[in-house]
């Protein structure tokens, strides 16, 4: 065997063992690096979610996911805010007093708007009856499955529960409670943090 053949065999051996070492190193590094990103379990457990509301126009809604649930951020129009005052007599629980620890966990949302700022509503988009997702019915006026004096809100298509623009359930509906207000806070005028409030 010549010196040239030995060098070639040695080079092949070195390249092969170097590749095997690199593959082993990557196999060890990938699980380690992946621990730096939140797992699906951590997200489902309730990691806070940041929402940019700078482009949300009056009458619009954005949906984000928190703890595996849809959370709606709705920018109400001045007319929708004004109408809230007139609905108390038609609502099952206008002040969210029945189960305050479950329905409105934040003192700053214990008002007629059920929100920190009257303009923005933040609620979990799941009906409190059987867990269906209500649909938007923001336009006022007579519509199928809604009263003739409808002022805007949400309709659960499963069993007909209706909610106003503050997520408050109307009387004599299957849903036992208002839509849940999740913990949240404003990081700035245009950024919301859902899943955490100042007391957390």
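Since every read-out is calculated from the coordinates, none of them should be taken as a lab result. These numbers were taken from a predicted model, which means no experiment stands behind them. Cβ coordinates were reconstructed from backbone atoms using ideal geometry, including for glycine residues, and neighbour counts include every protein chain displayed.
By average Cβ neighbour count within 10 Å, what is the ranking of 163-172, 62-71 from highest down?
Highest mean packing first, the order is 163-172, 62-71.
Divide, for region 146-200, the radius of gyration over alpha carbons by 2.2 N^0.38 Å, where N is the residue count.
Its radius of gyration relative to the 2.2 N^0.38 Å reference: 1.47.
Between residue 69 and residue 107, what length comes free when the chain is fully extended (0.36 nm per residue of separation minus the Cα-Cα distance, one decimal in nm)?
Value of the extension gain: 11.5 nm.
For residue 117 and residue 189 in one chain, what is 0.36 nm times their gap in residues minus the Cα-Cα distance, to one decimal in nm?
Using 0.36 nm per residue and subtracting the Cα-Cα distance, I get 24.9 nm.
Rounded to the nearest 0.05, what FRET efficiency is calculated for residue 85 and residue 133 with R0 set to 22 Å and r the Cβ-Cβ distance?
Efficiency, from the Cβ-Cβ distance: 0.20.
How far apart, in nm, are two points set 7 Å out from the Cα along the Cα-to-Cβ line at residue 149 and at residue 57?
Taking the simple label geometry, residue 149 and residue 57 are separated by 3.1 nm.
Alpha carbons only, please: Rg and Dmax for region 85-180, in angstrom.
12.3, 36
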